[in-house]
Structure formats: C-alpha cells, structure tokens
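In what follows, a structure is listed as structure tokens, so that the remarks can point back to it.
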Amino acid sequence: MNSGYHLPVMLDECMEWLAIGPSGRYVDCTLGGGGHSSAILGRLGPDGRLDSFDRDPDAIAAATARIGDDPRWTAHRLPFGEMASVLEPESADGVLMDLGISSHQVDEPSRGFSFRRSEKADLRMDQSAGEDAARWIARVGERELKDALVRNADLRPAARAARILFAAVERDGELRMESVLEAARSVARGRADDAAARILQALRIEVNDEIGQLRSGLEAARSLLRRGGRLVVMSYHSVEDRCVKQAMAEWAKDCVCPPGLPVCRCGGNRATAKVLTRRPVVPSEEEQRSNPRSRSAKLRACEKL
Ligand SMILES: C[S@@+](CC[C@H](N)C(=O)[O-])C[C@H]1O[C@@H](n2cnc3c(N)ncnc32)[C@H](O)[C@@H]1O
C-alpha cells in the first residue's frame, strides 16, 4: 500500500546527516507514508525511540498500517509547529523535516491539490479543519491574494490572475481548477501548466500557514534537540529553503551586534548551532531521474552546540 503513497526523497542522505545512534531518540516532523520513519526505526535498537508527526489523518493511517505496532514508535496527529507541547525539551538526538506535500495528497482527486486530477481546489493538508482555498480567498480579498501569488510563487504580473481567481470564487462559491487554469493562462500563455502549479503552490502555503508552521517548527526543533543533536530539513521551493537557511545561519552567529559596530558589544559566543551543510545537498542524478518529484529537493543540516 505505502510504496505508492509516497516515495521517500534522499533517504540515505537523511539517515547519514541524522547520524542515527541505535539508542537515540528521534523526531520525524513529517510522517507522510512513513518512508523516513521506517528507515529510522530500522536503524534503532530496542532502546531507541521515534516520535512522528503529521497533521493529515490519511498519513497517520497509512504509516500506521505500514509500521504496525512498535513499542519504540509514537505517531502524533499534530502540526509540527506544536510538537514542543508533547515532547521534552533537549531530549532529541535528531529531528527530520521533509516539508511540503506527499504524492498521495497530490494524486488523490478528493484532496484537491492538482489541476490534473481534481475538479476543485481544496489544498488543506487536514481537510477536517480550517479554511479551504476558496474560503481563504473570500476572506482575505483580491489584494492579499495578489501579494501571496508574488510572495509565494514569484508570479508576475499577478494582478490579473488574482482578479480572475477572486471573481471566480465570488461567482461559484468554490475554487474550480478550470478557474485556476484560466488565471494561469492570463499570466503565461505558453506555459499555463507551470503557472497553474505555481498558483496552487502559493495558495497552499497560505491555506496551511506553511511558513508560520515552518518558523515555529524550526524553533521547536532547536528547543527539543540536546547538545550534539542534529536537525535535517528538506525543502522543495525557494520560500521554504530561504527560511531554513536564514534560521540556521542566525543560530550559528556568535555575535549579534548590529553590522558596522567597531567592537563587539553583545559578548560574542552566542551561537547555539553549527551549520553542517555549507551548500544544500541535492538528490543524485539517478534519484532525480527515477523520482522526478525529488528534483527540487534541498537538504540542509545543523548540529546543536
Ligand atoms: C513530503 S511528505 C513526507 C513524506 C515522508 N517523509 C515519507 O517518507 O513518506 C510531507 C508530509 O508532511 C505533512 N506536513 C506538512 N506540513 C506539516 C505540518 N506543519 N505539521 C504536520 N505535518 C505536516 C504533510 O501532511 C505530508 O504528509
């Protein structure tokens, strides 16, 4: 069942950067189909522990069916931005984040993530809670919608696309994929598929508060790690990657004085982490060929000091 749910990306690289010890305690923030979680459990001995999180009930069900009853493993149906509320501070040897959405979410028509497979855009990772794409658009209005298209997907010019999407939601009371394609054609006539995918990405980021979740998740991860523990994050678009890169760089700074001060006044030695990946790690050519969805992945890792 589950190899079709989602093919895990850079599985060996993730295990290597996490440097898994058999008795360690690990956190998988993005369980999905359980590919990375299964691999972590496979490297743990009887004293090891793994806590896995996902906000999507489909993921919890699929991964539980795959992993089964394992006394070393707990699955939490919770957004990872809230994981510090159920785990002990400074208790983890490694935290993994494999951001974004799973193949199951994209491929399952009822989830409303793909203009190729669904008639209506829903775009919620957890369909039992929160606003779908149409409700979000109706609430924030055309101007915020336009800003989100630029901010999250670098869609330019975005004003016409925003107007088309907003009018369609007002008219239909829902966001139909044909309206997403119409908005996409208004931006890029030749490459409407690419523009449609970017519109959906921009909306998805807002509907699921993905950047807010990422910021809280990164802070939670830092507080959960013990000294020497590692954080490994895989992101799939530039907005996420920038956020990860900036957070890790900030944690690795010794001095937090404003630039230009001739002498350090903050006392230095403030770094709480060391960046392990000077450049992001990307999938091998072979993996990119065999799993095209891995193509945009970028892995960054740091170690808590
Ligand atoms: C790329 S998939 C993970 C795939 C997984 N590593 C595997 O091997 O199957 C991302 C998963 O993270 C979940 N997710 C994304 N953002 C989340 C958040 N803020 N909190 C909890 N789960 C989240 C999605 O629902 C999705 O199932």
Within region 247-276, count every residue that is part of a helix (DSSP H, G or I) and either touching a residue at least 40 places away in the same chain (Cβ under 8 Å) or more than 22 Å from Cys302 (Cβ to Cβ) (or both). 2
Selection status of Glu82, assigned to a helix (DSSP H, G or I), closer than 29 Å to Arg124 by Cα and out of contact with any helix residue (DSSP H, G or I) (no Cβ under 7 Å at 6 or more places or on another chain): yes
With the condition kept exactly as written, say whether any residue in region 23-40 is more than 9 Å from the ligand (Cβ to nearest atom), assigned to a helix (DSSP H, G or I) and either closer than 17 Å to Leu99 by Cβ or under 20 Å from the mean Cα position of the chain (by Cα) (or both). yes
Considering (1) surrounded by fewer than 18 Cβ atoms within 10 Å (Cβ to Cβ); (2) among the basic types (Lys, Arg); (3) modelled with pLDDT of 95 or more; (4) more than 16 Å from the ligand (Cβ to nearest atom), say which one Arg176 fails and leave the rest. (1)
Just one listed residue, out of Pro71, Pro46, is free of Cβ contacts under 8 Å to residues at least 60 places away in the same chain, in a loop (DSSP other than H, G, I, E, B) and within 21 Å of Arg226 (Cβ to Cβ), and it is Pro46
For region 45-88, what are the residues that are more than 13 Å from the ligand (Cβ to nearest atom) and touching a Phe, Trp or Tyr at 6+ places or on another chain (Cβ under 8 Å)? Gly48, Arg49
Going through region 186-225 in order, the residues found to be surrounded by fewer than 18 Cβ atoms within 10 Å (Cβ to Cβ) and assigned to a helix (DSSP H, G or I) are Asp193, Asp194, Ala197, Ile211, Gly212, Arg215, Ser216, Glu219, Ser223
Residue that is out of contact with any Asp or Glu (no Cβ under 7 Å at 6 or more places or on another chain), outside the structural domain of Ala197 (by TED's automatic domain parsing) and of a type in the set (Lys, Arg), where the choices are Arg135, Arg156, Arg66, Arg151: Arg66
Out of all the residues in region 277-290, which are more than 18 Å from the chain's Cα centre (by Cα) and either in a loop (DSSP other than H, G, I, E, B) or among the polar types (S, T, N, Q) (or both)? Thr277, Arg278, Arg279, Ser284, Gln288, Ser290
Would you point out the residue of region 89-122, among those that are within 11 Å of the ligand (Cβ to nearest atom) and outside any loop (DSSP other than H, G, I, E, B), that is surrounded by the most Cβ atoms within 10 Å (Cβ to Cβ)? Leu96
Matching option when the condition is of a type in the set (Asp, Glu), surrounded by fewer than 19 Cβ atoms within 10 Å (Cβ to Cβ) and under 25 Å from Pro280 (Cβ atoms), among Asp12, Asp54: Asp12
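The values are calculated or read from the model by the stated rules, or taken from the named source; none is laboratory data. The shown structure was predicted, so the numbers you read here are calculated from the model rather than taken from an experiment. FYI the Cβ positions are ideal-geometry reconstructions off the backbone, even for glycines, and counts take in every protein chain you see.
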